[in-house]
Ligand code: ADP
Ligand code: MG
C-alpha cells in the first residue's frame, strides 16, 4: 500500500496509540468469534517485541455515545490476555485522568487496553478535542482497524491531525489484498453476492458489473431481481422499493456484457425454523405459503461450475439463511468451491456473515484473503477512498516526533 507502515518506524521506547478493530460478536458477555482479535495480534506483538509502549483502543458494538456495561471491553481484554499469554491491563474509560495515570506508569514493552471508544459520542462525531486528547497519550499512531477505516471518527481520522500516522500489519494486508481486485485482477474475475438485502449492496454490485466478467447473485437479495422479472415468490423476502433498481442493474449488465446470474431453483420452507419442512422448487414455482431460504441444487451446481473457471473470485453475502443448518447448503457449496480452487486463483471473502460461514466450515486458511472488514471491504471495492486509509502518511513521508503533524 502507498502508506508508511509500522515497519518503517523506529518504535523503541515510543508510546504508540494502536487503533484496532476488536469489535467482536458477543452473546451474554461471551465472545462468539475472536477472529478480529487474532487478526490484530501481529501488529500488537510486533510493537511489543520492539519495546514500544502500546496503548490499544477499539470500539465494541453500538453503545451510541453512552456507557453500556454489556459493551465493556473486559471480555476482549481477557481473550487478548489468553492469546498473548500475559495479563492485559484495562482502563475504566477511554479518556480522563485515570487513563493518563495508567499511561504514565507504562514501561517499554507494556500494553494497556482502553475502554470502548464509543462510550463517548465524540468518537463517532470525530470531535477534534477528543481526538487531540487521545493523541496526547502517545508519540505515534498506528491504524490497524481496517474494518473501521470507512468511517471518519476521532480514533480513525481525527487523531491523525495530531500524530504521525502509519498503517498496522493487518491494515496493510487488507489494503494490499483488496487492491489486487481493483488493479488488473487475473481474468475471468467473478463475484458472488448474497445476503438479505439489495439496498445495502447496490453500489458494490454496480461497481462489480464494470470490473467482473460475471456476477452471481444469491440470498434474499436475488429474490428482488427475480421479482423484478415478474416472478411471484410467495412469502419470500422481496424489497418492493428496490424493484426499479434491480431492473436498472439487469439492463446495465446487458449493456456492459457482464453476465448476471440468478438462481434457477430454490429451497423453500413455510417459515424460518430449524425443523421446517423444506422442498426444492423452480424459482418460478414457489408456492404462495412458502419462502425461499436457500439456492437450490441446480443453482449450486451451475454456480460452482461457473466459478471453477474463474481466476479471481470475490464473495460477499450468504446464499441463504445459513444460520439455520438445513438452509446452509448453498452457502457451504460456495465456500467449498472457493476452497477447492486451483492455487493460481485469487479468492477473497468479505462481509461479516459470509466470513462467519467460511470460518464455521474451517475453510478460512484455504482462501487467498478473508477480510475482517465488511462494510469497509465493500466500499473499497466500490473504488471509494476510505478516510482511515487516506489519513495515513504516504510511504515517502518523513516522520517527525514531538510536534503537530497537520
Ligand atoms: P454479509 O454479512 O456477509 O455481508 P449480509 O449481512 O448482507 O451478509 O446478509 C446476511 C444475512 O442474509 C443472513 O442473516 C442471512 O440469514 C440473510 N439471508 C440470506 N438469504 C436469505 C433469504 N433467502 N431470505 C432471508 N434472509 C436471507
Ligand atoms: Mg452481515
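Table for the structure above
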quantity	calculated
Using a Förster distance of 56 Å, the FRET efficiency for residue 49-residue 250 (Cβ separation, nearest 0.05)	0.60
Largest-first principal axis extents of the Cα set of the stretch 246-399 (Å)	65, 39, 30
Global geometry of the stretch 92-142, whether rounded, prolate or oblate, following the gyration tensor of its Cα atoms and the 1.5 cut on a/c	prolate
For the chain: relative contact order, % (alpha-carbon pairs under 8 angstrom, 6 or more apart)	17 percent
Compactness of the stretch 7-131, expressed as Rg and Dmax over alpha-carbon positions, Å	14.1, 41
Quotient of Cα Rg and 2.2 N^0.38 Å for the stretch 308-406, N being how many residues it contains	1.41
Principal axis dimensions, largest first and in whole angstrom, of the stretch 39-193 by Cα	56, 34, 32
Relative contact order (%) - the stretch 195-341, alpha-carbon pairs under 8 angstrom, separation at least six	25 percent
In degrees, nearest ten, helix 74-84 long axis to first principal axis of the chain (Cα)	80 degrees
Nearest-ten-degree value, helix 329-339 long axis tilted from longest Cα axis of the chain	60 degrees
For the stretch 114-249, projected area of the alpha-carbon convex hull averaged over all directions, nm²	11.4 nm²
Residue-span extension gain [residue 342 to residue 304] - 0.36 nm each, minus C-alpha spacing	12.4 nm
For the chain: Kirkwood Rh in Å [reciprocal of mean 1/r, alpha carbons]	22.4 Å
Between helix 35-49 and the chain: long-axis angle, C-alpha atoms, 0 to 90°, nearest 10	30 degrees
5 Å-binned pair-distance histogram of the stretch 33-92 (Cα, whole percent)	3, 15, 28, 26, 16, 9, 3, 0
Sequence ranges 171-179, 3-11, ranked by mean other-Cβ count within 10 angstrom, highest first	171-179, 3-11
Percent breakdown of C-alpha pair distances by 10 Å bin, ordered from the shortest bin, for the stretch 206-279	18, 46, 25, 10, 1
Gyration tensor verdict on the stretch 139-202 (Cα atoms; rounded if a/c is under 1.5, prolate if a/b is larger than b/c, oblate otherwise)	oblate
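No lab work stands behind these numbers, since they all come straight from the coordinates. A quick note: this is a predicted structure, and the numbers were derived from the prediction, not measured. When we count neighbours, we look across all protein chains shown, and the Cβ atoms used for this are built from the backbone with ideal geometry, even at glycine.
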